[in-house]
Amino acid sequence: MKTTYLLLKYLAILLWSSFVALPFLWALTTSFKTANGVTGGATYIPWLQYKPSLEGWKVLVRTGGQGIDIVAPYISSAVVTLSASLISLALGTLAAYGLSRFTFRLGFIKNSDITFFFISQRIMPPIVLAIPFFLMLQFLGLLDTIAGLILVYVALLLPIATWVMVDFFNNVPRQIDEMAMIDGCNPIGAFLRVVLPNSLPGITVAGLFCIIFGWNDFFFAFTLTFTKTQLLPVAVVALNSSVTPWWSLSASALVSVAPLVIIAFFVERFLSSGNMAGAIR
Amino acid sequence: MALILQNIDIRENGVAHLDNINLMFSRGGLYTVLGRTLAGKTTLLRTIAGLQQPQKGTLMLHGSDYLQLPVWKRRVAMVYQQFINYPHLNVLANVAFPLRRAGVPRAEAHQRAREVLGKVGLTDFEKRRPAALSGGQQQRVALARALVKRAEILLLDEPLVNLDYKLREQLREDFQNIFEGQDDAIVVYTTTEPAEAIQLGHQMIIMDEGGIIQQGEPLAVFNAPATIRCAEIINDPPMNIFYGTIENGDIQLQGGIQLKVPAHMAHLPHGPYRFGLRAADLRLGSMIGSQVELSEISGSQTILHLRGDIGTFILYEEGVYQHAIGDTVQVDLNSNRIYSFSVDGDLIAGPAAAEAYRR
C-alpha cells in the first residue's frame, strides 16, 4: 500500500518534471543543430543522432558583420529590469508599510481602497496602457530610451511590489513595531531596524516578481522602442526572418532564461516561511 | 514624584475600555492590577506607555504632561503577555537593543545586557536566536530587555499567562527578587490571578469593565472586598454568594437554612442581604443537602461544584476524593467567616481580618 503510494507519487512528479523540463532539453539540443538537424524530427543524442554545431550560438555575437548582437540588448534589459525593480521595491515597501500600519482617510477612501487602487492598474489589459504610455513618453521625449523604459516599468512593477508587501506586513505582528518604539525607535527607526530585517522573505518574493515580469516583458519593450534601444525579448524575436532559425532562437531563449534560473536558485533559501518565529508566541 | 492619571477615558463604539481612571503611582512602588480578561488592564498599560491615546483626561509624570511625549521618548519598558523579541537578533543583541537606541556605546551596552541576562538566568544563551529558546526563556529575554534600560516605568502585561504551571511558579518567585532591585521605578503588573496579584504587589488595583473598583494593600483588599464583584475577582474560585435575610437573630438563607448570626454581624439590622463565603470556608458535614454538579482535582484538593436549595456554590475539600456527578452530599458552613453584602452588592460587614485570613 505504502509502496504503491510512493510509486504513484514519484510517477506523478516524474511526469510533471518531464513536462516542464523537456522543452528546455529540446531547446538545448536544437541550439546545437543546423538546418539539416532540425528538419529530421526530434532527436536528442549529439553525434549519434545529429552532428552538433555552434552555428546557432555564433549568431548571437556580432563578429565582422555576421550575426546579430545580443550583448547590447542583454545589458539594456539588465539595466532596465534591475533599476525598475529596485525603485519599485523601495517605494513599494514604504507604501506598503504605510498602508499596513497607519490609517488614511480621505472622504470615503480608506486604506483598503488605496491598496486596491494600486493593484487595479494591473487589471487593465496592457494594450490599454500602451497608447497613453506612448504619448506620455513622447511628451517627455523619452521614447526609445532606457530612462523611459525604466519609468514605465516602475509604473507596472510598483503595484505588484506594494501588493505583495502589504500582505506581508499585515502578517508581521504589530506588537513588534510597538516594542521597537517602546525600546526607543521612532516609527521610521522601528521600520528600518526591526520590521525590514524581518521582512526578507516578503521582499524576496516581491523582488522576484518584479525581476521576472520586467525581464520577460515583450509588449512594452516592443511598443515603446524603435531603433536606439532594444531589450532582450525584442531582440530574440527579431532573430526571426523568412526562414525561422530554430537553432539561434533556441540559443537566445536559453541565454535569456539563464539569469532567472540562477536568481531563483540562489534566492530560494530566503523564501522559507516562518522567519518571524521567535517574534511572538 | 509620581505618575498621576486623572479622568482617563478611552471609548470605542460606545464601549468603555477605560472608564474615568484616576490613579497615582509612586516611585519605588510595585502595583498589581487584577481583573478578568477585557477588564481594561492592557489598555491601561498601553495608555501609560503611549501606545494608545486617551480621549479624555491627563497623564502627568513628575508634574509634567506625559501625554505630549511620543512612545519612544517616554522612558518606559514593557513586557507583553506574548513573548515579543526581535527574531533577527540574538539574545545579547535583543537585550542590548534599547541601550543601543539610547546611544549607549556597544561595549557598555553588551556588558550591561550580560549583567541582566545573568540576573534572569540566561548567561549561557546569549548567542542564540529567540526562536531557538523555550517559551520561558523567550519571556526571560523579553524581561531582561525591559529591565536593562532601568526605565522610570516598568509595565508587565500578564507576563506569565502563556507559560506552563511549573515555569509560572518559578518565574513568579524570580519576579519578587528582580522587582526588589527596581527601587527607582514604578512597576505596574497586570494579572488575572489573585494569588499573583496578592503575592507580588505592594498595592493592588482591581479593575472591571474599564473602571477601578477597589484599590489598596493586597491583604486589606482580600480581607475586605468592597463589593461582590471585587469578592468574585479576588477569590479563586470566586466567592460563593447566597441570598438570604437577617431575622430575629438568625441568618435565613434561601432553601430554609438557618444560621446563628455571628458576632461580627450582630449589629446588622433586619432585612434582605447577600452573603458571601469562600470555597475554603465550607466543608462536608451535615447541615445542607446538595448535589454534585462537577468534581475536579487540583493538587491535593478536591473542588466540588454543588447545587442545592441554597443555590449553586463551590467547596474545597482537603484531600483527593472521587465524587460521581449527581451524588448527594451534606455541607456545613463556617458562619464566623461569612461576609454580608447589601442587595446592591456593597460590603456591609466581614469577619475581622485575623479571622478572615486564618486558615
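Is it true that residue B:331 is surrounded by 16 or more Cβ atoms within 10 Å (Cβ to Cβ) and either hydrophobic (A, V, I, L, M, F, W, C) or at negative phi (or both)? Spelling it out, residue B:331 is indeed surrounded by 16 or more Cβ atoms within 10 Å (Cβ to Cβ) and either hydrophobic (A, V, I, L, M, F, W, C) or at negative phi (or both).
Looking across segment B:166-176, the residues that are under 15 Å from residue B:81 (Cα atoms) and away from every other protein chain (no Cβ under 14 Å) come down to B:168, B:171, B:172, B:175. Within segment A:96-109, the only residue that satisfies the criterion of being surrounded by 13 or more Cβ atoms within 10 Å (Cβ to Cβ) and farther than 13 Å from residue A:162 by Cβ is A:101. As a summary of the residue check, residue A:85 satisfies the conditions (1) touching a Cys at 6+ places or on another chain (Cβ under 7 Å); (2) more than 19 Å from residue A:214 (Cα to Cα) except for the one numbered (2). In segment B:80-133, of all residues being part of a loop (DSSP other than H, G, I, E, B), over 31 Å from the mean Cα position of the chain (by Cα) and facing chain A (nearest Cβ under 10 Å), the one that is nearest to residue B:150 (Cα to Cα) corresponds to B:102.
Taking the conditions (1) farther than 19 Å from residue B:208 by Cα; (2) outside any helix (DSSP H, G or I); (3) touching a residue at least 60 places away in the same chain (Cβ under 8 Å); (4) within 30 Å of the chain's Cα centre (by Cα) in turn, residue B:284 satisfies each one other than (3). Looking only at segment B:153-194, residues that are at pLDDT 90 or above and assigned to a helix (DSSP H, G or I) come to 1 in all. When residue B:33 is tested against (1) in a loop (DSSP other than H, G, I, E, B); (2) at pLDDT 95 or above, just one condition goes unmet, and that condition is (1).
Table: residues versus (1) modelled with pLDDT of 95 or more; (2) loosely packed, with under 15 Cβ neighbours inside 10 Å; (3) of a type in the set (Gly, Ala, Ser); (4) at positive phi.
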{"site": "B:12", "(1), (2), (3), (4)": "no, yes, no, no"}
{"site": "B:28", "(1), (2), (3), (4)": "no, yes, yes, yes"}
{"site": "B:40", "(1), (2), (3), (4)": "no, no, yes, yes"}
{"site": "B:68", "(1), (2), (3), (4)": "no, yes, no, no"}
{"site": "B:74", "(1), (2), (3), (4)": "no, no, no, no"}
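The residue of segment B:300-311 that is surrounded by the most Cβ atoms within 10 Å (Cβ to Cβ), among those that are free of Cβ contacts under 8 Å to residues at least 40 places away in the same chain and either in contact with a Phe, Trp or Tyr (Cβ under 6 Å, 6 or more places away or on another chain) or farther than 12 Å from residue B:284 by Cα (or both), is B:306.
The single condition among (1) more than 8 Å from chain A (Cβ to nearest Cβ); (2) not in a helix (DSSP H, G or I) that residue B:146 does not meet is (2).
If you scan segment B:85-108, which residues turn out to be farther than 15 Å from residue B:141 by Cβ and not β-branched (Val, Ile, Thr)? Residues satisfying the conditions are B:100, B:101, B:102, B:103, B:105, B:106, B:107, B:108. Examine segment A:227-240 for a residue that is of a type in the set (Gly, Ala, Ser), farther than 30 Å from residue B:74 by Cβ, buried (at least 22 other Cβ atoms within 10 Å of the Cβ) and at pLDDT below 90, and state whether such a residue exists. Yes: segment A:227-240 contains one or more residues that are of a type in the set (Gly, Ala, Ser), farther than 30 Å from residue B:74 by Cβ, buried (at least 22 other Cβ atoms within 10 Å of the Cβ) and at pLDDT below 90.
Where helices (runs of 4 or more DSSP H) fall wholly inside segment A:219-270, the ranges with 1 or more residues that are closer than 30 Å to residue A:202 by Cα and β-branched (Val, Ile, Thr) are A:246-267. With the structure loaded, tell me whether residue B:283 is modelled with pLDDT under 90 and loosely packed, with under 12 Cβ neighbours inside 10 Å or whether it fails that test. Answer is no for this residue. Every listed requirement among (1) farther than 15 Å from residue B:308 by Cβ; (2) in contact with a Gly (Cβ under 7 Å, 6 or more places away or on another chain); (3) in contact (Cβ under 8 Å) with a residue 60 or more places away in the chain is met by residue B:242 save one, (1). Going through (1) among the polar types (S, T, N, Q); (2) in a loop (DSSP other than H, G, I, E, B); (3) at the interface with chain A (Cβ under 10 Å from one of its Cβ atoms) one by one, residue B:68 falls short only on (3). What residue, among those in segment A:194-212 that are without any contact (Cβ under 8 Å) to a residue 40 or more places away in the chain and facing chain B (nearest Cβ under 8 Å), is surrounded by the fewest Cβ atoms within 10 Å (Cβ to Cβ)? Among residues in segment A:194-212 that are without any contact (Cβ under 8 Å) to a residue 40 or more places away in the chain and facing chain B (nearest Cβ under 8 Å), the one surrounded by the fewest Cβ atoms within 10 Å (Cβ to Cβ) is A:197.
Annotation: residue A:142 fulfils all but one of (1) more than 21 Å from residue A:209 (Cβ to Cβ); (2) surrounded by fewer than 17 Cβ atoms within 10 Å (Cβ to Cβ); (3) hydrophobic (A, V, I, L, M, F, W, C); the unmet one is (2). In segment A:173-191, the residue that is surrounded by the most Cβ atoms within 10 Å (Cβ to Cβ) out of those that are in a helix (DSSP H, G or I) and within 7 Å of chain B (Cβ to nearest Cβ) is A:182. With respect to the stated conditions, residue B:343 fails to be farther than 19 Å from residue B:231 by Cβ and modelled with pLDDT of 90 or more. Among the residues of segment B:35-52, some residue qualifies, meaning at least one is more than 14 Å from every other protein chain (Cβ to nearest Cβ), in contact with a helix residue (DSSP H, G or I) (Cβ under 7 Å, 6 or more places away or on another chain) and not charged (D, E, K, R). Take the conditions (1) under 22 Å from residue B:121 (Cβ atoms); (2) surrounded by 18 or more Cβ atoms within 10 Å (Cβ to Cβ); residue B:173 misses just one of them, which is (2). Of the residues making up segment B:195-234, those that are assigned to a helix (DSSP H, G or I) and among the aliphatic types (A, V, I, L, M) are B:195, B:197, B:198, B:200, B:219, B:220, B:221, B:228, B:231, B:233, B:234. Filtered by the rule that a residue be away from every other protein chain (no Cβ under 14 Å), at pLDDT below 85 and exposed (fewer than 11 other Cβ atoms within 10 Å of the Cβ), segment A:247-281 gives A:265, A:266, A:269.
The values are calculated or read from the model by the stated rules, or taken from the named source; none is laboratory data. Please read all numbers here as calculations on a predicted model, not as lab measurements. Cβ atoms come from the backbone with ideal geometry, glycine included; neighbour counts cover every protein chain shown.
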